[in-house]
Amino acid sequence: MARRLILLLGGARSGKSRYAERWARENADNALFVATARASDADMRARIAEHRASRPSHWHTLEAPHNTAGEIAASAVEHDALILDCVTLMTSNILLNLPESATQKTANAAVLQEVDCLLEVQARSKSTWLLVSNEVGMGVVPPTRLGNLYRDMLGRANQRLAAAADEVLLLVAGIPWRLK
């Protein structure tokens, strides 16, 4: 299996994660699942447990809500496929670690620095990487400053990842549409 970078975009519950997991089951002998969620409340703990239960038991999981690229680089797990689920939460974690006074320029620079680090680690990897991310720019304009910072940060991250990706799919109702 040749090394590739696949970006999976879509809205909430569009089938992105399910697609990534199915792809890895069908195309890889072993996978590393990189989780960026933080178990911050009962609802998130339940969602994390549901996701864990859906994955094959022989897959490895790396919990990396912060310094995601560094955690992946430090991981000694051998794998054919890497699923990063998801860039959306990774971006949120970066935003929530910024000072309240952060500007859009500062916020964008913080997320793009992490994206560039991810791309550097991916370039040295022999695995196919599947990156899951939400497309949040197709909805209403957020009514808050924090919402606008986040939407723009994630949009910039998705653009940078899409430019580097070998393949980009947009998932709608579980159906993948090839964009690149």
| note | Note to self: with every protein chain in place and a 1.4 Å probe, the chain gives an accessible area per residue in Å² of 53
| task | Identify all aspartates and glutamates with a Cα-Cα distance to Lys16 below 18 Å; exclude those on the same chain that are fewer than 8 residues away in sequence. | result | Glu26, Glu50, Asp85, Glu135, Asp166, Glu167
| field | Formal net charge of residues neighbouring Val172 (Cβ-Cβ distance under 15 Å; K, R +1; D, E -1) | value | +3
| said: If Rh is defined by the Kirkwood formula over all Cα pairs and Rg also comes from Cα, what ratio Rg/Rh do you get for region 1-43? | reply: 1.02
| query | Expressed in nm to one decimal, what extension gain is obtained for the pair Lys126 and Thr106 from 0.36 nm per residue of sequence separation less their Cα-Cα distance? | reply | 4.0 nm
| field | Inter-probe distance in nm under a simple model that places probes 7 Å from Cα toward Cβ, at Asp43 and Leu179 | value | 2.6
| query | Å³ per residue of the Cα convex hull, for the chain? | reply | 118
| query | By the gyration tensor of its Cα atoms, with a ≥ b ≥ c the square roots of the eigenvalues, what is the shape of region 138-180: rounded for a/c under 1.5, prolate for a/b over b/c, or oblate? | reply | oblate
| query | Cα axis of helix 145-164 to longest principal axis of the chain: angle in degrees, 0 to 90, nearest 10? | reply | 40
| request: Under a cut-off of 14 Å between alpha-carbon atoms, report the aspartates and glutamates in cross-link reach of Lys105, not counting same-chain residues fewer than 8 places apart. | output: Asp152
| task | Using label points projected 7 Å from each Cα along Cα→Cβ, tell me how many nm separate Thr144 and Ala12, to one decimal. | result | 1.3
| query | How big, in percent, is the set of alpha carbon pairs in region 110-168 lying more than 19 Å apart? | reply | 35
| task | Quick one: angle between helix 87-97 and the longest Cα principal axis of the chain, in degrees between 0 and 90, rounded to 10, please. | result | 40
| task | For n ≥ 4 DSSP H runs only, could you compute -39500 (n - 2.57) per run for the chain, divide by its residues and tell me the 222 nm figure to the nearest 500? | result | -15000 deg cm²/dmol
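The values are calculated or read from the model by the stated rules, or taken from the named source; none is laboratory data. Since the structure is predicted, the reported quantities are computational estimates derived from the model, not experimental observations. Backbone-built Cβ (ideal geometry, glycine too); neighbour counts: all protein chains shown. For accessibility, only protein heavy atoms count, side chains too; no ligands or nucleic acids. Shrake-Rupley method; radii C 1.70, N 1.55, O 1.52, S 1.80 Å.
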